[in-house]
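Only the coordinates and a few stated rules stand behind these numbers; no lab work does. What you see is a predicted model, and the numbers here were worked out from it, not measured in a lab. Using ideal geometry, Cβ is built from the backbone for each residue, glycine included, and neighbour counts are taken over all protein chains shown.
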Number of protein chains: 2
Amino acid sequence: MVELSHAPLDGIFQALADPTRRAMLRRLAESEASVGELAGPFMKPPVAMSLAAASKHIKVLEQAGLVDRTVQGRTHYCRLNAGPLSDATDWLRYYERFWAERLDDLERALRADTKPQRRRKKK
Amino acid sequence: MVELSHAPLDGIFQALADPTRRAMLRRLAESEASVGELAGPFMKPPVAMSLAAASKHIKVLEQAGLVDRTVQGRTHYCRLNAGPLSDATDWLRYYERFWAERLDDLERALRADTKPQRRRKKK
């Protein structure tokens with residue numbers, strides 16, 4: 001029986017599945033920024049995104065818990081909240097053994113001077 | 001100027017943004033499986049997904065390069081290809097410094113909290 005957990009991971013990975021949102025997180029890793037400062041670079045060519053589109057991306061990041069917003073007067077400030085990214089890394093860490101195995105396979109193949117063989121299941 | 005790279009990362013994070021697909025990858029981490037074996041557990045209650053829906057999830061995983069499919073007669077076999085997950089981990093690794101900082105902040109806050117208590121005990 002499979003029980004699926006609709007975890008916060010859904011929202012975190014969904015937030016990371018877009019290059020604008022990944023670039024926004026990278027920008028916020030440098031410093032806090034107002035919505036205008038954060039959206040500005042994406043509103044110029046070659047991206048030339050509308051403010052509405054940029055705001056929507058910021059909202060997706062907020063909903064995933066990756067961005068905290070504070071309001072000071074008329075200005076909204078965004079700050080990176082990297083905590084949920086550690087949950088994503090924890091999930092991915094389980095698979096590290098497979099990259100290690102793949103590298104071992106490659107090394108063995110190179111030493112044997114043969115191309116890696118595709119494994120086939122025998123039934 | 002911001003230039004966005006519509007990288008394979010889009011597809012990888014998109015593939016991971018769904019609990020069925022994450023569960024399928026976890027299943028394939030155990031062993032290769034036929035499409036029937038992979039979809040079967042999700043087609044029973046409480047998930048009770050259709051074969052069409054399960055197949056669509058497998059296709060998303062394939063398109064992201066996370067699953068390799070081989071055909072033997074009428075049976076399609078799926079195998080985990082964990083390589084692209086290392087790209088996702090590499091992207092996330094940049095943010096590890098922020099969790100470390102957060103833990104340092106927490107530690108400092110906890111130590112600051114316990115100091116006055118120690119003073120009180122002395123009195």
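Which residue is farthest from B:Leu80 (Cα to Cα), if the candidates are limited to the range B:10-42 and must be facing chain A (nearest Cβ under 9 Å) and in contact with a Ser or Thr (Cβ under 8 Å, 6 or more places away or on another chain)?
B:Phe42
In the range A:78-95, what residues are more than 29 Å from B:Asn81 (Cβ to Cβ) and either part of a strand (DSSP E or B) or touching a residue at least 40 places away in the same chain (Cβ under 8 Å) (or both)?
A:Cys78, A:Arg79, A:Leu80 - these are the residues of the range A:78-95 that are more than 29 Å from B:Asn81 (Cβ to Cβ) and either part of a strand (DSSP E or B) or touching a residue at least 40 places away in the same chain (Cβ under 8 Å) (or both).
Pick out the one residue from A:Leu103, A:Leu85 that is crowded, with 16+ Cβ neighbours inside 10 Å and hydrophobic (A, V, I, L, M, F, W, C).
Only one candidate passes the filter, namely A:Leu85.
Quick check on the range B:16-26: of everything there that is crowded, with 17+ Cβ neighbours inside 10 Å and among the basic types (Lys, Arg), which residue is nearest to the chain's Cα centre (by Cα)?
For the range B:16-26, the residue satisfying everything is B:Arg22.
Please go through the range B:43-53 and pick out each residue that is free of Cβ contacts under 8 Å to residues at least 12 places away in the same chain and facing another protein chain (nearest Cβ under 7 Å).
B:Lys44, B:Pro46
May I ask you to verify whether B:Glu32 is in contact (Cβ under 8 Å) with a residue 40 or more places away in the chain and either small (Gly, Ala, Ser) or surrounded by fewer than 20 Cβ atoms within 10 Å (Cβ to Cβ) (or both)?
yes
Answer yes or no: is there a residue in the range B:54-74 that is touching a Ser or Thr at 6+ places or on another chain (Cβ under 8 Å), within 11 Å of chain A (Cβ to nearest Cβ), on the phi < 0 side of the Ramachandran plot and among the small types (Gly, Ala, Ser).
Scanning the range B:54-74, I find at least one residue that is touching a Ser or Thr at 6+ places or on another chain (Cβ under 8 Å), within 11 Å of chain A (Cβ to nearest Cβ), on the phi < 0 side of the Ramachandran plot and among the small types (Gly, Ala, Ser), so the answer is yes.
Mind checking whether some residue in the range B:64-77 is assigned to a helix (DSSP H, G or I) and among the aromatic types (Phe, Trp, Tyr)?
No, every residue in the range B:64-77 fails to be assigned to a helix (DSSP H, G or I) and among the aromatic types (Phe, Trp, Tyr).
Could you check, for the range B:30-49, whether at least one of its residues is under 14 Å from B:Tyr77 (Cβ atoms) and under 15 Å from the mean Cα position of the chain (by Cα)?
Looking through the range B:30-49, none of the residues is under 14 Å from B:Tyr77 (Cβ atoms) and under 15 Å from the mean Cα position of the chain (by Cα).
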